[in-house]
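Undergrad: Can you read through this structure? Questions will come right after.
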Amino acid sequence: MMVKCPRCAKEVSYGGNPYRPFCSDRCKTADLAAWADEQYKIPEDKAKSDEISYYNNINQEESEC
Ligand SMILES: [Zn+2]
């Protein structure tokens, strides 16, 4: 089964690929970094009231892996 890397659209094998669905460690790291950066873009006044739910969301994401 071939999948397209979400980062660079290069076709890579899904099976046996430790970086799936990415083509490489570089693409995976770059995408996760971008994702983490998005998470930090919370307005300051909202961040305080949403702090608990924010961390709960992070924990849920990790447990799904
Ligand atoms: Zn890639």
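Undergrad: Identify, from the list Val12, Val3, the residue that is at pLDDT 75 or above and touching an Asp or Glu at 6+ places or on another chain (Cβ under 9 Å).
TA: On the way: Val12 fails: touching an Asp or Glu at 6+ places or on another chain (Cβ under 9 Å).
Result: Val3 is the single residue among Val12, Val3 that is at pLDDT 75 or above and touching an Asp or Glu at 6+ places or on another chain (Cβ under 9 Å).
Undergrad: Here is a further query. Looking at segment 7-29, which of its residues are near the ligand (Cβ under 8 Å from one of its atoms) and exposed (fewer than 15 other Cβ atoms within 10 Å of the Cβ)?
TA: Cys8, Ala9, Lys10, Arg26
The values are calculated or read from the model by the stated rules, or taken from the named source; none is laboratory data. Bear in mind the structure is a predicted one, so any value in this text is a computation, not a measurement. Reconstructed Cβ throughout: ideal geometry from the backbone, glycine too, with neighbour counts over all protein chains shown.
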